[in-house]
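S.K.: Got a structure for you, written out below as structure tokens; questions coming shortly.
The values are calculated or read from the model by the stated rules, or taken from the named source; none is laboratory data. Just so you know, these numbers come straight off a predicted model, no measurement behind them. For neighbour counting, all protein chains shown are included, and Cβ atoms are generated from backbone atoms with ideal geometry for every residue, glycine included.
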């Protein structure tokens, strides 16, 4: 299966599909692994087939699917509803304008290893805010020099890299918060199941009034 439209889940550390095409490519094997690791399916059971895979139109943001699945051993739920997050490179619904605030928490590092135009993504967030509106963004800190190279492996991003990309869209830095900082974190390991609290940064940006 292609890794381009898959992201690593924060809870189980399992690769999960970011869009319907990725889920279709993962198929019954992915659903089996996901259901087992989450406890929804016994280790001796498995999804054997997806017999219905229909996209659902309408609704709010994010693409949606109706699935019907079959199992080795009947008994688990067979009719499933799946909802995806809105595509990162088209993050704002067209009707969402003049916003007071956008929050983007612990996911910017994920878009660094996906086929996402981050410059375009940041410009669309900027355009959706009213003059004087805020972007609050937080992520797991990487070591100086790491840039975006550890987004997929450690699920971190270098703070200066994120700042540079966001500010290139026109955002002006306002403030930072240190309540999630941990100078003792060596920042050389993945953020899942850390030996000490992860070093994380929180940044506040503003769209200029004019």
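S.K.: Looking at 43, 34, can you tell me which residue is without any contact (Cβ under 8 Å) to a residue 40 or more places away in the chain, exposed (fewer than 13 other Cβ atoms within 10 Å of the Cβ) and not in a strand (DSSP E or B)?
M.R.: After ruling out the rest, the residue left standing is 43.
S.K.: Now a separate question. Can you go through 151, 170 and tell me which one is in contact with a helix residue (DSSP H, G or I) (Cβ under 6 Å, 6 or more places away or on another chain), closer than 18 Å to residue 107 by Cα and assigned by TED's automatic domain parsing to the domain that holds residue 202?
M.R.: Going through 151, 170 in turn, the sole match is 151.
S.K.: Scan the range 103-118 for residues that are in a loop (DSSP other than H, G, I, E, B) and exposed (fewer than 13 other Cβ atoms within 10 Å of the Cβ) and report the count.
M.R.: Selection size over the range 103-118: 1.
S.K.: Could you check the range 46-76 and list, in sequence order, the residues that are in a loop (DSSP other than H, G, I, E, B) and either more than 22 Å from residue 6 (Cβ to Cβ) or out of contact with any helix residue (DSSP H, G or I) (no Cβ under 8 Å at 6 or more places or on another chain) (or both)?
M.R.: 57, 58, 59, 60, 61, 62, 72, 73, 75
S.K.: Counting only residues that are exposed (fewer than 14 other Cβ atoms within 10 Å of the Cβ) and touching a residue at least 24 places away in the same chain (Cβ under 8 Å), which one in the range 194-210 is nearest to residue 124 (Cα to Cα)?
M.R.: 208
S.K.: Considering only the range 112-128, state which residues are touching a residue at least 40 places away in the same chain (Cβ under 8 Å) and touching a helix residue (DSSP H, G or I) at 6+ places or on another chain (Cβ under 8 Å).
M.R.: 112, 118, 119, 122
Yes or no, residue by residue, for (1) in a strand (DSSP E or B); (2) over 20 Å from residue 16 (Cβ atoms); (3) within 19 Å of the chain's Cα centre (by Cα):
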site: 82; (1), (2), (3): yes, no, yes
site: 85; (1), (2), (3): no, no, yes
site: 95; (1), (2), (3): no, yes, no
site: 101; (1), (2), (3): yes, yes, yes
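Every residue, every condition in (1) closer than 19 Å to residue 26 by Cα; (2) over 23 Å from the mean Cα position of the chain (by Cα); (3) not assigned by TED's automatic domain parsing to the domain that holds residue 18, yes or no:
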{"residue": "41", "(1), (2), (3)": "yes, yes, no"}
{"residue": "47", "(1), (2), (3)": "yes, yes, no"}
{"residue": "50", "(1), (2), (3)": "yes, yes, no"}
{"residue": "65", "(1), (2), (3)": "yes, no, no"}
{"residue": "69", "(1), (2), (3)": "yes, yes, no"}
{"residue": "72", "(1), (2), (3)": "yes, yes, no"}
{"residue": "75", "(1), (2), (3)": "no, yes, no"}
{"residue": "79", "(1), (2), (3)": "yes, yes, no"}
